[in-house]
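**Student:** Below you'll find the structure I mean.
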Amino acid sequence: SFTGFIDTDSRTWDNLAHLQLTNTSLFSLPGGDAGFAVVGEVGNEGWDYSPDPRLIEDPDTLSSEVWGLTSVSGAGRRSRYALTAELRMPVFEPLTISASARYDSFDIADDTVSKPTWSLGLEYRPFESLLVRGKLGTAFRAPSLADTFQGLSGYYSFATDYYRCAEEGFLPGNTEDCTYDDEQFFGQSAGNRDLEPIEADVWNAGVVWSPTPALSLAVDYFSWQIENEVDSISANDLMRSEYYCRTGAAGTPITSCDNVLSWVRRSASGELESLYTPKVNIAKQNLELVTASLNYLVDVGNFG
């Protein structure tokens with residue numbers, strides 16, 4: 001009775017049809033022929049994670065049939081299509097301009113998530129060994145299948161109970177001596193079918209120097225301003241939001257007070273029991289990055 005086997009099944013699939021039409025001599029410019037390409041894509045993908053039923057937590061007892069071990073199930077699928085066009089124009093010999101546009105559409109849980117994006121790039125070669133390049137545009141990514149369709153997942157952690165600390169006279173930022181500064185709770189997280197797409201404004205600039213045909217050095221700077229990143233609500237943010245909602249103190253709850261008060265569960269005596277911290281479009285990120293590379297080619301004769 002103390003041993004047994006656990007059977008868990010998981011699978012993913014991704015089907016994609018891709019069609020590309022290219023014309024490398026669309027029209028002539030002083031720097032050479034302009035090139036044009038159109039790409040169409042259509043497909044579907046799915047995800048299914050089915051753990052052994054004995055590992056699924058009972059919503060009433062908050063435990064599974066296997067002591068000390070739980071798991072989370074989830075399944076979903078989505079279909080999508082995309083259309084992309086790109087034009088590359090050597091305006092004159094030192095300068096090349098490229099422009100592209102893309103439209104993506106996803107059908108997720110009977111809802112459509114779509115977004116157009118664009119990109120504009122420049123390449124300038126003042127002399128043969130030096131290239132200056134840059135690009136400006138937008139980016140888009142639909143929420144992942146796991147972020148959308150993940151089932152309930154349980155965990156245990158600790159958080160400050162700001163509401164009960166306030167009843168003792170301790171305000172947020174000064175709760176070290178509060179009786180409820182480090183309360184244990186049972187937490188649950190899950191996917192969210194109402195997630196918005198992740199969007200970004202992006203640009204980069206750099207130089208490539210090739211003093212010899214065998215040697216090249218490149219340095220590039222990248223900047224991404226990302227909005228609507230997906231993350232689970234933190235327990236601290238949820239507890240602080242409950243404090244704002246219950247006391248009317250100055251502050252902005254992380255979501256509506258109706259959601260906050262339903263996601264914080266307390267016993268009849270007011271003790272913290274559990275928190276629900278779903279995945280939401282809550283995060284933003286400004287990311288800056290510098291990359292550098294050095295390439296040197298060595299001729300090894302017949303070996304390559």
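The values are calculated or read from the model by the stated rules, or taken from the named source; none is laboratory data. Owing to the predicted nature of the structure, the values given are computational and were not obtained by experimental measurement. With ideal geometry, Cβ positions are generated from the backbone for all residues, glycine too; neighbour counts draw on all protein chains shown. The protein model used for the area step is the full one, side chains on, heavy atoms only, and it has no ligands, DNA or RNA in it. Shrake-Rupley method; radii C 1.70, N 1.55, O 1.52, S 1.80 Å.
**Student:** Multiply the residue gap between ALA249 and THR212 by 0.36 nm, knock off their C-alpha separation, and tell me the result in nm, one decimal place.
**Tutor:** Extending this stretch completely gives an extra 6.7 nm.
**Student:** Compute the Rg/Rh shape ratio of the range 24-98: radius of gyration over Kirkwood radius, all on alpha-carbon atoms.
**Tutor:** My calculation puts Rg/Rh at 1.54.
**Student:** Relative contact order of the chain: what whole-number percent is it, with Cα pairs under 8 angstrom and at least 6 residues apart? Show your work: numbers first, answer last.
**Tutor:** Details: 710 pairs, mean separation 39.3, N = 304.
Taking the mean separation of contacting Cα pairs over the length of the chain, I get 13 percent.
**Student:** For the chain, what % of the accessible area comes from carbon and sulfur atoms, probe 1.4 Å?
**Tutor:** Taking all protein chains in place, the chain shows 52 percent carbon and sulfur surface.
**Student:** Just order 232-239, 22-29, 181-188 by mean Cβ neighbour count inside 10 Å, highest at the front, would you?
**Tutor:** The densest-packed peptide leads the list: 232-239, 181-188, 22-29.
**Student:** Please compute the net charge surrounding GLY35, taking Lys and Arg as +1 and Asp and Glu as -1 over other residues with Cβ under 15 Å from its Cβ.
**Tutor:** It works out to a net charge of -2.
**Student:** Summing Lys, Arg as +1 and Asp, Glu as -1, what charge do residues with Cβ under 12 Å from the Cβ of SER157 carry, SER157 excluded?
**Tutor:** Within the 12 Å Cβ shell, the charges total -2.
**Student:** For the range 86-198, what is the relative contact order in percent, using Cα pairs closer than 8 Å and at least 6 residues apart in sequence?
**Tutor:** Once divided by the residue count of the range 86-198, the mean separation gives 22 percent.
**Student:** Rounded to the nearest whole Å², what accessible area per residue is found for the chain with the 1.4 Å probe?
**Tutor:** Averaged over the residues of the chain, the accessible area is 61 Å².
**Student:** Now a separate question. Three principal axis extents, largest first, for the C-alpha atoms of the chain, in Å?
**Tutor:** The Cα atoms of the chain stretch 80, 49, 44 Å along the principal axes, largest first.
**Student:** Calculate the all-directions average of the projected area of the range 26-148's alpha-carbon convex hull, and give it in nm².
**Tutor:** With every direction weighted equally, the projected area is 12.5 nm².
**Student:** For the range 158-250, what D do you get in µm² per second when you plug the Kirkwood radius from alpha-carbon pairs into Stokes-Einstein at 20 °C and 1.002 mPa s?
**Tutor:** Values: Rh = 17.9 Å.
Using the Kirkwood radius from Cα pairs, D works out to 120 µm²/s.
**Student:** What whole-number distance in Å separates the alpha-carbon centres of the range 222-258 and the range 130-169?
**Tutor:** 10 Å
**Student:** A further question follows. Would you mind classifying the range 122-169 by shape? Square roots of the alpha carbon gyration tensor eigenvalues, ordered a ≥ b ≥ c; an a/c under 1.5 is rounded, otherwise it is prolate if a/b is larger than b/c and oblate if not.
**Tutor:** Working: a/c = 4.99, a/b = 2.43, b/c = 2.05.
It is prolate, given that a/c is not under 1.5 and a/b is the larger ratio.
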